[in-house]
């Protein structure tokens, strides 16, 4: 799978670990920045990840900042993005199975690296259930027009 990844300075080291983990798992990773622990603004990278997914450049995206909140808000401004902030595997599973989330957000200052890897694994492995959830996704999408 081709996955876009991006972060701000607060999550740089966390992003690098998750990026390497994804590569080790056989995924192609497109790094949208930031590229150092120097100060960086999360909206730039949340939008970059969102645009990579919405354009079809990447199938999924992972966006990480200190709390995960700001970068998820930024990613969700991109038409076609359904970014879900997940702090444990259950929310990761539900964001995919019920909400067909195409971008995962995490907070590097709030979860440990091992939890982050577990969240990524569950999120990527979970398929959208469709069915009763399709109408709800359609309603969300209708607000983007």
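Suppose we keep only residues that are more than 10 Å from the chain's Cα centre (by Cα) and assigned to a loop (DSSP other than H, G, I, E, B) within the stretch 43-75. Which one would you say is nearest to residue 14 (Cα to Cα)?
In this case the residue turns out to be 66.
If you check residue 68 against the conditions, is it in contact with a strand residue (DSSP E or B) (Cβ under 8 Å, 6 or more places away or on another chain) and on the phi > 0 side of the Ramachandran plot?
So residue 68 fits the description; yes.
Of these, 80, 6, which one is at pLDDT 95 or above and either more than 28 Å from residue 139 (Cβ to Cβ) or surrounded by 20 or more Cβ atoms within 10 Å (Cβ to Cβ) (or both)?
The match here is 6.
Can you spot a residue in the stretch 28-42 that is assigned to a helix (DSSP H, G or I), crowded, with 24+ Cβ neighbours inside 10 Å, modelled with pLDDT of 95 or more and touching a strand residue (DSSP E or B) at 6+ places or on another chain (Cβ under 9 Å)?
yes
Among (1) in contact with a helix residue (DSSP H, G or I) (Cβ under 6 Å, 6 or more places away or on another chain); (2) under 15 Å from residue 18 (Cα atoms); (3) in a loop (DSSP other than H, G, I, E, B), which single condition is residue 111 missing?
Failing condition for residue 111: (1).
Could you say whether any residue in the stretch 74-92 is over 26 Å from residue 130 (Cβ atoms) and in contact with a helix residue (DSSP H, G or I) (Cβ under 6 Å, 6 or more places away or on another chain)?
yes
Taking the stated definitions as given, is residue 81 under 14 Å from residue 18 (Cα atoms) and either touching a residue at least 40 places away in the same chain (Cβ under 8 Å) or assigned to a loop (DSSP other than H, G, I, E, B) (or both)?
In short, no.
If you go through the stretch 124-145 one residue at a time, how many are closer than 24 Å to residue 6 by Cβ, surrounded by 14 or more Cβ atoms within 10 Å (Cβ to Cβ) and either free of Cβ contacts under 8 Å to residues at least 60 places away in the same chain or over 18 Å from the mean Cα position of the chain (by Cα) (or both)?
3
The values are calculated or read from the model by the stated rules, or taken from the named source; none is laboratory data. What you see is a predicted model, and the numbers here were worked out from it, not measured in a lab. Ideal geometry is used to build each Cβ from the backbone, glycine not excepted, and the neighbour counts take in all protein chains shown.
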